[in-house]
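Below is one structure, written out as structure tokens, with a few remarks after it.
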Amino acid sequence: MTATDPIANLQTLIRCPSVTPAEGGALSALEAMLSPLGFKVDKVKATEPGTPDIENLYARLGNDGPHLMFAGHTDVVPVGDEGAWTHPPFAAEIAGGELFGRGAVDMKGGIACFVAAIARHIEKHGAPDGSVSFLITGDEEGPAINGTIKLLQWAAERGERWDACLVGEPTNPNRLGDMIKIGRRGSLTGKITAHGVQGHAAYPHLADNAVRGILQLTQALMHPPFDAGTENFQPSNLEVTTVDVGNPATNVVPAKATASFNIRFNDTWTAETLQQEIIRRLDAAASEGVLRAGRAPFRYDLVWAERPSHVFLTRNNALIASLSSAIESVTGQSPALSTTGGTSDARFIKDYCPVVEFGLVGQTMHMIDERVVVDDLERLTVVYETFIARWFENAGI
């Protein structure tokens, strides 16, 4: 196998069943691709009480000069009903011009293409006049505790510094060249509990129904809108994701009701100011409303999920322009610069260097029959190869 072939690279990686938290051989396969190219490869195991140990990989080529990082993950989500797959999920079979397999687009395909791109650059021009590194985790699809966060810390403690990062997530909604992610909305999750008084449904004057309280609290969170959006971000949006009473009896007024919510927020807010606004809304709803006429305002509790994701926007012209021009030269499309979608490990990398995301078309990620158009693997490799050359030129080499 030659590392310059993205199809062969991807088939090798897919055939490693690396469902989170299993390494499945994927990082060892990646090491076998990178070491012959001159990369110094480190395997880093991260641990945390109560969570699975995770294998990660950090590889660097070069010792100085501008430093470009490629980041991604080799772990994949479970396959679901394996019998429903047209082709076995870890066989990496090609049919009808498509390569099938779990992780084909999310995101072993992006890794396979970047490996091929740097291998081709080295073959044609030698190593870049600077440094290139791979920061690859096995915990992106899981709790993200023993993955990118700890690998970044490990590398930084050893003196690693980066000037820019490209994450190879599948950013394109319809066709290769559609979209670069130049930022991400923040994400904040909480759980509220409304407290009432349990009683008999036939004697409501002796009880307070907590369902009334939870409805008032959730309504206050969903209306009015938090903002109208900003220049680079769509409006912040809160969704109530669960409402639970846990009451199996139809003749009992429940004393407690809970609701969980998640809000994806733009740069109008920080996680801290948004938390303050949510508490303000809940306090107002609890004080203005009562469970029953004549009763005191009701009591509620609020618990925040750990580690909110913070909103960020990358404004590094050398990085964005190098990638945009590379995409346009290969695909003929001028990519949209977007902040839509969920979160990714870019939310951790942005604390160390400017970061953008660009990879394959994501229409089949996490689905039965996840697959990638074979021709897109070659085109993405050429985009990455062109980007590598242009980034180092723009970085002053």
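The values are calculated or read from the model by the stated rules, or taken from the named source; none is laboratory data. Keep in mind the model is a prediction, meaning the values are calculated, not measured. With ideal geometry, Cβ positions are generated from the backbone for all residues, glycine too; neighbour counts draw on all protein chains shown.
Some points to look at:
- Test for residue 193: is it touching a Lys or Arg at 6+ places or on another chain (Cβ under 8 Å) and within 30 Å of residue 62 (Cα to Cα): no
- Per-region count, segment 249-269, residues farther than 12 Å from residue 192 by Cβ and in contact (Cβ under 8 Å) with a residue 24 or more places away in the chain: 14
- Qualifying residue in segment 169-184 (condition: farther than 30 Å from residue 380 by Cα and among the aliphatic types (A, V, I, L, M)): no
- Complete set of residues in segment 1-41 that are hydrophobic (A, V, I, L, M, F, W, C) and in a loop (DSSP other than H, G, I, E, B): 1, 3, 16, 22, 39
- Residues located in segment 227-255, provided they are in a strand (DSSP E or B) and at pLDDT 95 or above: 237, 238, 239, 240, 241, 242, 243, 244
- When 198, 153, 219 are checked against the criterion of being surrounded by fewer than 24 Cβ atoms within 10 Å (Cβ to Cβ) and in contact with a Pro (Cβ under 8 Å, 6 or more places away or on another chain), a single residue qualifies: 198.
- Elements of type helices (runs of 4 or more DSSP H) in segment 284-397, at least 2 residues being within 23 Å of residue 114 (Cα to Cα) and β-branched (Val, Ile, Thr): 317-331, 374-394
- Of the residues screened, residue 55 is not one that is among the charged types (D, E, K, R), over 25 Å from residue 351 (Cα atoms) and touching a residue at least 24 places away in the same chain (Cβ under 8 Å).
- Qualifying residue in segment 168-184 (condition: farther than 30 Å from residue 395 by Cβ, under 34 Å from the mean Cα position of the chain (by Cα) and either touching a residue at least 24 places away in the same chain (Cβ under 8 Å) or not assigned by TED's automatic domain parsing to the domain that holds residue 140 (or both)): yes
- Any chance residue 18 is of a type in the set (Ser, Thr, Tyr) and surrounded by fewer than 21 Cβ atoms within 10 Å (Cβ to Cβ): no
- Some residue of segment 75-96 being closer than 24 Å to residue 58 by Cβ and in a strand (DSSP E or B): yes
- Among (1) surrounded by 12 or more Cβ atoms within 10 Å (Cβ to Cβ); (2) assigned by TED's automatic domain parsing to the domain that holds residue 209; (3) not aliphatic (A, V, I, L, M), the one test that residue 316 misses: (2)
- If the condition is being assigned to a strand (DSSP E or B), out of contact with any Phe, Trp or Tyr (no Cβ under 8 Å at 6 or more places or on another chain) and more than 16 Å from residue 146 (Cβ to Cβ), then segment 48-71 contributes no residue at all.
- Residue in segment 105-119 that is more than 24 Å from the chain's Cα centre (by Cα), within 21 Å of residue 386 (Cβ to Cβ), in a loop (DSSP other than H, G, I, E, B) and assigned by TED's automatic domain parsing to the domain that holds residue 75 present: no
- There is no residue in segment 175-185 that is in a helix (DSSP H, G or I) and in contact with a strand residue (DSSP E or B) (Cβ under 8 Å, 6 or more places away or on another chain).
- Among the residues of segment 128-150, the one identified as in a helix (DSSP H, G or I), surrounded by fewer than 24 Cβ atoms within 10 Å (Cβ to Cβ) and in contact with a helix residue (DSSP H, G or I) (Cβ under 6 Å, 6 or more places away or on another chain) is 149.
- Considered as a group, the residues in segment 59-72 that are in contact with a helix residue (DSSP H, G or I) (Cβ under 8 Å, 6 or more places away or on another chain) and within 22 Å of residue 13 (Cβ to Cβ) include one that is surrounded by the fewest Cβ atoms within 10 Å (Cβ to Cβ), and that residue is 61.
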